[in-house]
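Here the structure comes first, spelled out in structure tokens, and everything after it is commentary.
A short reminder: the numbers here are calculations on the coordinates, not readings from a lab. Note that the structure is a prediction, hence the values are computed from the model and not measured. Here the Cβ is made from the backbone with ideal geometry for all residues, glycine too, and neighbour counts use every protein chain on show.
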Amino acid sequence: MNVYHLDSPQRLYQHLAQDYQMYHVVESNGDSVWQKSTHNGVDYEKSDLKINRLPLMSPKSLFFSEQENLFYFDGECFRETLPQPEPFALFAVPSCDLHAIAYQDQFFSKDPYYQARRQQALLVGLDCLTPCSNGFCPTVNAGPGVSPDITDLTLHREATNLWMLIINNERGDNAIKTLALTTADKYSYRRRDQRIESCKKQFKHDEAITAGVAAINKNAVSDAEWQALAKRCLSCSGCTNVCPTCSCFATRDLDTEETDNPSGIVRQRIWDSCLYESFQREASQHNPSAEAGERVRRFWYHKFSNQFAAQFGRYGCIGCGRCEQTCPGTIGVHSVMHAIGDNSLGTNNVEKNSLGNNKKPTGIQGKQSLTYG
Amino acid sequence: MDSMTPLAAELLHYREDSADTRYFKIRLIAPNKMSAPQPGQFCMLSVPGHGEAAFTFATAPDKQGVFHILVRAIGELTYALFALKPGQRIGIRGPFGKAWPLAEIVDQQLLIIAGGCGLAPLNGLIDHLLKTHRKPQLTLVYGARTSAHQVLNSQRQRWNKQIPIFDVLEDGPDGGTPLSIMPNVIKSMVDKPEKILLCGPEAMMQISALYFLAQGFPATSIWAAIECRMHCAIGLCGHCYLEQQYACTDGPIYRWDQLQPLLRRSI
Ligand code: SF4
Ligand code: SF4
Ligand code: FES
């Protein structure tokens, strides 16, 4: 691992733009979104990092596309249609989203469509130095500092016009070979640790999350409690869309006139949501998860069960808080964990009372901006 | 890499089976591109333009790539399949899923309880056991709604020359379920069953398993094949989840004791 000082992230950006199609976060109409750079570097002009918001959509779709063709049928044979992207770089990805990418890397390790994109990607991480408004990355061990195993390069702000660039692996090293940089000393690196530690301390200690996770794993949440929570789920798929670790998909066939592929019938895969009533419904109409409570339980079990954690080496939730931000019915992570966590401690009973009366203010929701960095 | 692109196959022929099932004969265009399925494993069958669904191999592909599946007309994909004419192209992926536990059931007193179309996933297994066992120790109980809904008639007639088969019909004199004739079945068996295989409607599998468990039969000697909606068969799309598992790769055949912790509902 090599550590350098960097005068401006912009210089790094423009250097990388020579070899990579760049993606970065831009603010548009009050929202921040991941966007492809159109002028390869020139649109990224400010000497300081302009991004200061966690975009509602993670970069998930750059690897696991919201909608993509799998193959087409030419009348005789089925022909696979793999994506063939040019090398691209994601610039300034926060730790939580890098953990999500590492999680998906495992899940989609044998998926040729995901891997065709992933193998072309260079990841440039960015340490968060102030907590974002809905995030709880320290609670699920996903931030705010970027660990070296989940990104090729890491950016760290040392002072207003001084940055640190950490090279984590060979891919990162190759990407900056011809960029002039001065080596940083070990004290700079230690000061980075201190800054990250002090950021961690600024997070509200969120016992509800820990208690909720314990309740899920003790099987201490009754069907009736899930059902009560599920009354607030509109089955809108908002949470599964914004969640950077959600990966369910459906397939569908499209005729030639419905697609841009003139060669024949196309099969696509498209994001699906386990919260849809029909998600498990069989052709016979038999539906093992017909109950909304069962589906909401499933979503949170997938994020926080120790059974899944054992398979992936971490929980399926990376603590970004996006589900809370997006959910119109307030069954996002903070609301749900408060409800079931409190209950497991015996101080709340969702079964008897309506959830609305029992829901405690969490203090970290609402319309505050999602600042980070 | 796990491909989601099917191999090309040709619909060779079909024959009407029961009131709502057909027995399809299919040929893989390039037979050596697919590995041999074990009894109980399934394939994903595509009808171009109409999607893909899971079917168990009723017979495994032979050297020419010819195999069979039994299909009940239910839902868009199967309606489209029923509308195809011999010679038309379809797609096949597989084999997928866990097979029947051959090693654990050979040379055992075996009781197979099947219902409706649930006989299809057992077709390959029964043929395999009858061919490979020196003395097949096999009893089949088969339940169906009416005689018109009984599937695989020619197979059952053929098997019946070698093994006892007990048929039961919902609208029949015996009162309807495999369970209603079970005492007689057990009485007729010279040796008590050592292993039980279940395949059919979930309620049927549930009551059958409970019947034997109540008599002290070990859950570790019962297997059940469950049915799930599937979109990928390779553990990615999420549709067939059972707790932390995916039935397409971890199942769909489960040992009873291993299935129970995965079920929030009773099956
Ligand atoms: S949760 Fe917020 S503070 Fe933590 S890594 Fe993500 S963006 Fe940064
Ligand atoms: S469950 Fe919510 S907080 Fe956790 S990773 Fe998904 S969107 Fe983020
Ligand atoms: S069918 Fe897609 S995960 Fe099992």
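Building the convex hull from the alpha-carbon atoms of the protein assembly as shown and averaging its projection over directions returns 32.3 nm². Please report the antiparallel percentage of DSSP beta bridges with both residues in chain A, rounded to the nearest 5. Of all bridge pairs located within chain A, approximately 75 percent are antiparallel. The spread of Cα positions in the stretch B:193-239, taken along each principal axis and listed from longest to shortest, comes to 40, 19, 13 Å. The share of C-alpha pairs in the stretch A:53-122 whose separation exceeds 18 Å stands at 44 percent. For B:VAL66, the residues 5 or more places off, or on other chains, whose built amide H falls under 5 Å of its own are B:LEU28. Note: relative contact order over chain A, using C-alpha pairs below 8 Å and six or more positions apart, is 22 percent. What FRET efficiency would be calculated for the residue pair A:ARG191, B:ASP257, taking the C-beta separation as r and a Förster radius of 56 Å, to the nearest 0.05? E(calc), rounded to 0.05, equals 0.50. Most fluctuating residue of B:VAL71, B:VAL151, B:VAL185 in a GNM of chain B with Cα springs under 10 Å: which is it? It is B:VAL185.
Counting neighbouring Cβ atoms within 10 Å and putting the fewest first, the residues B:HIS149, B:HIS231, B:HIS13 line up as B:HIS13, B:HIS149, B:HIS231.
Label-to-label distance for A:ALA309 and B:SER154 is 5.7 nm, based on points extended 7 Å past Cα in the beta-carbon direction. Helix B:202-214 and the longest principal axis of the C-alpha atoms of chain B enclose an angle of approximately 30°. If each Cα of the stretch B:7-96 is one equal point scatterer, what is log10 of I(q)/I(0) from the Debye formula at q = 0.18, 0.19, 0.20, 0.25 Å⁻¹? After summing over all Cα pairs, the log10 values are -0.71, -0.79, -0.89, -1.45. With a Förster radius of 45 Å applied to the C-beta separation of B:ILE165 and B:MET1, the computed FRET efficiency comes to 0.55. Among bridges DSSP assigns within the stretch B:102-266, what percent are antiparallel (round to 5)? Antiparallel bridges: around 20 percent, rounded to the nearest 5. Distance between the 7 Å Cα→Cβ label points at A:GLU277 and B:ARG15: 4.3 nm.
Shielding of peptide A:109-118 by partners, expressed as the average count of other chain Cβ atoms within 10 Å per residue Cβ, is 3. For the options B:GLY124, B:GLY49, B:GLY172, a Gaussian network treatment of chain B with springs between C-alpha atoms closer than 10 Å singles out B:GLY49 as fluctuating the most. Look at the stretch B:2-14: the mean tally of other chain Cβ atoms within 10 Å of its residues' Cβ atoms is 4.
Calculate how many DSSP beta bridges within the protein assembly as shown are antiparallel, expressed in % of all such bridges and rounded to the nearest 5. Antiparallel bridges: around 70 percent, rounded to the nearest 5.
If R0 equals 51 Å, the separation of the Cβ atoms of A:SER284 and A:GLN119 corresponds to a calculated FRET efficiency of about 0.80. In plain terms, chain A is cut at each of the trypsin sites (Lys or Arg not before Pro) found in a DSSP loop with at most 13 other Cβ atoms within 10 Å, and the longest leftover piece is A:219-351.
Applying the criteria of a DSSP loop state and at most 15 other Cβ atoms within 10 Å to the trypsin sites (Lys or Arg not before Pro) of the stretch B:81-148 yields B:ARG134. Its DSSP H runs of at least 4 residues, each contributing -39,500 (n - 2.57), put the calculated 222 nm mean residue ellipticity of the protein assembly as shown at -7500 deg cm²/dmol, to the nearest 500. The per residue volume of the convex hull around the alpha-carbon atoms of chain A is 159 Å³.
Per the Cα gyration tensor, the stretch B:102-266 maps to an equivalent ellipsoid with semi-axes of 25, 18, 17 Å, ordered largest to smallest.
For peptide B:230-240, the mean count of partner chain Cβ atoms within 10 Å of a residue's Cβ comes to 6.
Result for chain B in a Gaussian network model with C-alpha springs under 10 Å: among B:SER208, B:SER221, B:SER180, the largest mean-square fluctuation is at B:SER180.
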